[in-house]
Amino acid sequence: MKPEETVDYNFKVCWHAISRMYNTEATKNGITTSIGFVLLNVDQQQGTPATKIAPLLGLEARSLTRILKSMEEQGLIYKVSDARDKRLVRIFLTDKGLEKKEVARRTVKHFNHKVRQEILQEELDTFFKVCNRIQGMIENKEIF
């Protein structure tokens, strides 16, 4: 079987193309794709527990710690200890973080709009169904 005929190859190549596109846009705005994804996942009203962000993005805690440190140094976020549980740290966005979040939001919306203009909803529904099925197979250890 040729690599381009395998499921994982096609996922990987497609994701790398999307990632490169997002990185290009992020770099124009002084952030990275990872930072953009973190910004999009912070609830500005309630704050987001740092421990909840890593699983949302499929990151290891160590990687997220480095990203959050960088974001704090860039003035994009600030941390607040929870009033009831001092072990819990909530992440909030600064004004600069809110600006960059809006850039990330517009970028993601633009990409999704363009894809939806070119690909029929029926095809997207099938794509989502297949992705969910593969993810379920992996999570349920139906593969290995």
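Just so it is clear, none of the values below were taken in a lab; they were calculated from the coordinates. Please read these numbers as outputs of a predicted model, since none were measured by experiment. Cβ coordinates were reconstructed from backbone atoms using ideal geometry, including for glycine residues, and neighbour counts include every protein chain displayed.
Observations on the model:
- Taken together, the criteria exclude residue 61 from residues that are aliphatic (A, V, I, L, M) and surrounded by 19 or more Cβ atoms within 10 Å (Cβ to Cβ).
- Candidate set: region 27-80, residues that are among the small types (Gly, Ala, Ser) and within 10 Å of the chain's Cα centre (by Cα); chosen: the one nearest to residue 104 (Cα to Cα): 36
- Qualifying residue in region 53-72 (condition: closer than 21 Å to residue 23 by Cα, in a helix (DSSP H, G or I), touching a helix residue (DSSP H, G or I) at 6+ places or on another chain (Cβ under 6 Å) and of a type in the set (Ser, Thr, Tyr)): no
- Taking residues in region 10-25 that are surrounded by 11 or more Cβ atoms within 10 Å (Cβ to Cβ), and partners anywhere that are of a type in the set (Asp, Glu), the pairs with Cβ atoms closer than 9 Å and at least 6 places apart or on different chains are 10/4; 13/4.
- Residues (farther than 30 Å from residue 143 by Cα, in contact with a helix residue (DSSP H, G or I) (Cβ under 7 Å, 6 or more places away or on another chain) and either hydroxyl-bearing (Ser, Thr, Tyr) or outside any helix (DSSP H, G or I) (or both)) located in region 1-32: 22, 29, 31, 32
- Subset of region 126-144 (residues that are assigned to a helix (DSSP H, G or I) and not hydrophobic (A, V, I, L, M, F, W, C)): 126, 129, 132, 133, 135, 136, 139
- Every residue from region 86-125 that is assigned to a helix (DSSP H, G or I) and among the hydroxyl-bearing types (Ser, Thr, Tyr): 107
- Within region 45-68, being of a type in the set (Val, Ile, Thr) and touching a residue at least 24 places away in the same chain (Cβ under 8 Å) holds for 48, 51, 53, 67.
- Matching residues in region 69-96 - criterion: being without any contact (Cβ under 8 Å) to a residue 24 or more places away in the chain and hydroxyl-bearing (Ser, Thr, Tyr): 78, 81, 94
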